[in-house]
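Colleague: This is the structure I want to talk about, given as structure tokens.
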Amino acid sequence: MEDTLDYVGKPVPRKDGPEKVTGRARYTVDIRLPGMLVGGILRSPHPHARILNIDTSQARRLPGVKAVITAADTAGVKHGFVETPRYPADQDPLATDRVRFVGEEVAAVAATDPYVLAEALDLIRVDYEPLPAVFDPEEAMQPEAPEIHPSHPLVKEPFSNIAGKTETQWGDVELAFEMSDYVRQDRFESHLRTHGYLEPQATVASFEPGGKLRVWTSSQGPFIKRAKLARTLGLPYSAVRVSKAWVGGAFGGKIDLFSHEFCAALLSMKAGRPVRIEASREEIFTAYRHGQPLILEIKTGVKKDGTIMAQKIRTVNNCGANRGSGVVVIFLAWGFVMLPYRLPNLKYEGYAVYTNNPIRTPQRGHGAPQVRFAVESQLDMIAEELEIDPVEIRLKNARQSGERLPNGDNVHNCGLTQCIEKAAEHTRFREKYGEKYGRGRSQPPQTNEQTPSGSIRRGIGMGVSAYFGGSLIYPNSSSCVVKMGEEGGATLLTGAIDIGQGAETILSQIVAEELKIPVDEIQVIAADTETTPVDIGAWISGSAYVSGNAARVAATQVRRKLMHLAAEELGVPVEELDMAQKSVYMVRSPEKRLSYRQIVEASIRKRRGDSIIGEGHWRTMRDEPTHPSLASTKGRWSENYAFDVQVAEVEVDIQTGHARLIRAVTAHDCGFPINPLLVEGQIDGQVSMALGHAFMEELLMKDGRTLNPSWLDYRMPTAHNTAISEYIDVITEAYKKDAPYRTKEVGEGYVSAILGAIANAIYDAVGVRLVSTPFTPEKILRGLGKLT
């Protein structure tokens with residue numbers, strides 16, 4: 001099949017590459033409008049306090065100040081990452097009666113220049129009454145803890161500050177534990193990290209004469225931004241237009257409505273001039289949304305041969321001062337537990353807990369790295385106790401093609417077993433693992449090692465993960481329009497936003513494949529709520545599948561029109577025609593052909609001006625009425641699941657405790673890779689991000705205040721830290737004309753298994769079992785008995 005494809009399945013260079021490397025790409029901060037003002041936000045200095053009074057009079061009188069807003073100027077409409085009957089919106093765009101974290105937005109100003117802005121913000125007087133605060137989620141759950149928000153009324157346990165709970169069970173867990181030959185229970189903890197996007201949060205808003213609000217913002221989807229802005233500002237959707245701006249990284253951190261976006265819009269409406277708000281890097285570290293640290297307690301029962309009988313899992317999430325995505329991550333954690341391995345009996349409960357920390361949001365993998373670190377670490381611990389090969393215990397429990405998941409989903413063509421086998425073979429895992437390779441055997445230092453000879457130990461570890469590709473979350477579907485150009489090229493109109501994942505490239509490849517037009521002759525108009533169709537956005541790992549199938553359907557309509565018109569013009573059946581080089585030709589007489597330009601002209605002439613336009617629409621799980629329950633997990637979750645196995649090889653210096661990843665191998669089932677080059681880039685990026693998660697990145701907070709709010713103090717991987725990254729493709733699907741394709745996600749799932757693999761490799765190297773991230777030298781030395 002691959003040999004018949006000209007564009008899909010090929011390593012086509014990114015369409016956005018030339019614009020970005022030449023500096024022509026316009027990011028939000030590059031947008032300049034006549035008369036534009038600079039906006040800024042006054043933030044709370046307290047983690048928890050009652051607002052007694054806000055006096056903005058001096059700031060309003062300052063020359064150069066054009067607008068000042070507080071909660072009193074808003075419509076009083078709350079918003080939230082989740083807005084459902086069970087979990088209604090709980091966040092104010094600007095604080096009303098209380099502030100609940102350091103950095104919460106209290107007031108905003110628009111001024112003529114940054115100097116006037118800074119003075120105006122300093123002139124706003126806010127009287128606070130400090131209140132008791134709590135920062136640890138388990139402390140916040142205690143009945144005597146300070147109340148941040150009332151606990152959810154449907155959670156009956158005597159806990160405080162419960163934002164939400166996910167609870168589900170199948171089988172008889174306790175009976176399965178009794179029937180198990182070996183049962184163990186462990187606790188794992190993950191730490192706080194930030195997304196590390198290089199482009200800061202920024203928004204330009206312009207309220208134009210006639211009542212139209214124009215917005216450019218660094219985001220992961222224009223349609224969800226439009227919906228939330230319209231609702232909080234009290235405007236109809238038709239009065240808000242969110243337009244494309246290039247995005248300099250997001251990784252889950254730019255999905256939801258942020259207060260600076262709301263404030264820029266409202267300030268523009270008040271001032272009657274465009275307003276730009278750009279967050280400083282310090283603001284992003286101290287007040288913006290970060291990832292989700294989780295606590296997982298896992299009890300697992302197995303038979304002597306390693307067959308998993310039952311698991312009982314309790315997850316606690318620190319969701320910060322508002323619900324954020326906390327109730328989503330505790331739901332997803334359940335899914336990431338049950339996906340890769342068969343679990344005949346499971347009891348799961350997850351709690352999202354309010355604390356006086358900044359609000360939390362998805363971060364690449366949205367809980368999967370934390371969950372798979374815990375599960376894969378414990379599975380290795382069980383395998384060692386039972387004296388079972390780590391590869392074999394995974395093969396014994398791995399999901400197989402056609403299996404139905406407990407929630408009713410089907411894994412369809414699942415290549416997990418092949419991934420395990422190929423990764424083990426490629427890395428010679430069985431030869432390297434254990435005493436003869438690590439735990440006591442010295443390895444020669446690399447040429448750049450500064451440690452004494454003989455202090456380096458090497459180890460190898462394996463991890464398994466699975467991830468979903470698309471689900472029913474607003475706006476639930478994607479649509480595309482493809483129209484032919486007069487010269488034989490085509491234009492694709494899509495609401496999809498390219499945040500660096502290559503969305504515009506792969507959608508162009510699909511259109512090019514269906515129409516046999518070179519990719520560089522596909523013009524893309526994208527991500528504008530007024531001129532492009534609706535799209536799900538770049539945040540549920542569904543772009544290639546959902547938006548891609550919409551593009552395929554639209555292009556297929558165009559292809560059929562071209563073929564039927566050519567058949568009429570040439571006087572032969574459609575079945576005797578084919579396409580190539582922007583023309584339709586007779587298979588038996590290739591010299592008899594019509595160019596696309598000729599066919600378009602014929603269509604306009606004969607079909608009442610039809611210039612040949614196709615529409616495509618795609619909704620995942622199109623027969624399901626809604627998304628699954630976040631509380632009970634009941635309902636379909638996705639119809640697309642990707643599986644992967646990752647092997648990590650590490651070096652550990654037993655004198656300093658320093659560990660580093662030297663090689664990562666990813667064997668993955670992504671269905672069918674639309675663009676192998678982009679897939680490899682996604683894998684490399686996720687391995688790098690996991691490396692940072694394991695060894696380097698940590699956002700340090702004390703009493704709700706960030707202690708390391710700069711790139712100098714928040715360490716991220718650089719080129720000097722990267723590891724060798726290798727790929728093994730396990731192809732389980734195919735791309736065929738006139739048929740939906742089932743490509744699977746590659747943008748989030750591969751940041752997960754590698755974390756557990758690194759932990760297992762460290763244990764293989766030096767015998768130190770780490771149950772919390774990051775994997776610091778101090779923890780390793782303590783495990784070696786060299787620190788107390």
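Colleague: Which value at 222 nm does the chain reach when only helices count, each DSSP H run of 4 or more adding -39,500 (n - 2.57), with the total divided by all residues and rounded to the nearest 500 deg cm²/dmol?
Modeller: Rounded to the nearest 500, it is -7500 deg cm²/dmol.
Colleague: Per-residue counts of other Cβ atoms within 10 Å, averaged by peptide: what ranking do you get for 715-721, 559-565, highest first?
Modeller: 559-565, 715-721
Colleague: What percent do you get for the relative contact order of region 6-129 when only Cα pairs under 8 Å and 6+ apart count?
Modeller: Computed over region 6-129, the figure is 38 percent.
Colleague: Ignoring ligands, DNA and RNA, what accessible area per residue does region 243-321 give at 1.4 Å, in Å²?
Modeller: Dividing the accessible area of region 243-321 by its residue count gives 23 Å².
Colleague: What number comes out for the charge environment of residue 612, summing +1 per Lys or Arg and -1 per Asp or Glu over other residues with Cβ under 14 Å away?
Modeller: After counting each charged neighbour, the total is +2.
Colleague: For a quick protection proxy, order the peptides 237-245, 348-356 by their average other-Cβ count within 10 Å, most packed first.
Modeller: Going by the mean number of other Cβ atoms within 10 Å, highest first, we get 348-356, 237-245.
Colleague: Could you tell me the relative contact order of region 549-677? Use alpha-carbon pairs under 8 Å, at least six residues apart, and round to a whole percent.
Modeller: Once divided by the residue count of region 549-677, the mean separation gives 19 percent.
Colleague: Ordering 532, 286 by accessible area with a probe of 1.4 Å, largest first, what comes out?
Modeller: Values: 532 10, 286 35 Å².
These residues rank, largest area first, as 286, 532.
Colleague: If the cut-off is 20 Å between C-alpha atoms, which aspartates and glutamates fall inside it for residue 212, apart from same-chain ones fewer than 8 positions away?
Modeller: The reachable aspartates and glutamates, counting only those whose Cα sits under 20 Å from residue 212, are 73, 261, 528, 530.
Colleague: May I pose another question? Reachable aspartates and glutamates from residue 736, Cα under 14 Å, same-chain residues fewer than 8 places away excluded?
Modeller: Result set, ordered by chain and number: 2, 3, 6, 513, 514.
Colleague: On to the next question. Which value does Rg/Rh take for region 1-71 over its C-alpha atoms, Rh per Kirkwood?
Modeller: 1.33
Colleague: My understanding is that a pair violates if its Cα-Cα distance is over 18 Å; which of 156/299; 516/737; 156/312 do that in this structure?
Modeller: Those over the limit are 156/299; 156/312.
Colleague: Continuing with the same structure: Whenever you get a sec, line up 539, 711 from highest to lowest accessible area (probe 1.4 Å, protein heavy atoms).
Modeller: Descending accessible area places them as 711, 539.
Colleague: Something else: For the cross-link pairs 304/432; 396/634; 744/779; 244/592; 432/634, which exceed 31 Å when the distance is taken from alpha carbon to alpha carbon? Mind showing how you got there, number by number?
Modeller: On the way: 304/432 24 Å; 396/634 27 Å; 744/779 37 Å; 244/592 43 Å; 432/634 43 Å.
Pairs exceeding the cut-off: 744/779; 244/592; 432/634.
Colleague: Which three semi-axes in whole Å describe the equivalent ellipsoid of region 28-116, each the square root of 5 times a Cα gyration tensor eigenvalue, listed largest first?
Modeller: Values for region 28-116, descending: 27, 18, 12 Å.
Colleague: Keeping all protein chains in place, calculate the accessible area per residue for region 343-405 (probe 1.4 angstrom), answer in Å².
Modeller: 23
Colleague: I've got another one for you. What accessible area per residue, rounded to a whole number of Å², is obtained for region 521-640 using a probe radius of 1.4 Å? Please report the intermediate quantities before stating the final value.
Modeller: Numbers: 5500 Å² over 120 residues.
I get 46 Å² per residue for region 521-640.
Colleague: What is the ratio of the Cα radius of gyration of the chain to 2.2 N^0.38 Å, with N the residue count, to two decimals?
Modeller: Computed over Cα atoms of the chain, the ratio equals 0.99.
Colleague: What part of the accessible area of the chain, given as a whole %, is carbon or sulfur when the probe is 1.4 angstrom?
Modeller: 50
Colleague: Highest first, please rank the peptides 642-653, 725-736 by the mean number of other Cβ atoms sitting within 10 Å of their residues.
Modeller: Highest mean packing first, the order is 642-653, 725-736.
The values are calculated or read from the model by the stated rules, or taken from the named source; none is laboratory data. Keep in mind the model is a prediction, meaning the values are calculated, not measured. Note: ideal-geometry Cβ built from the backbone for every residue, glycine included; neighbour counts use all protein chains shown. Please note that ligands, DNA and RNA were not included when accessible areas were found on the heavy atoms of the full protein model with its side chains. Shrake-Rupley method; radii C 1.70, N 1.55, O 1.52, S 1.80 Å.
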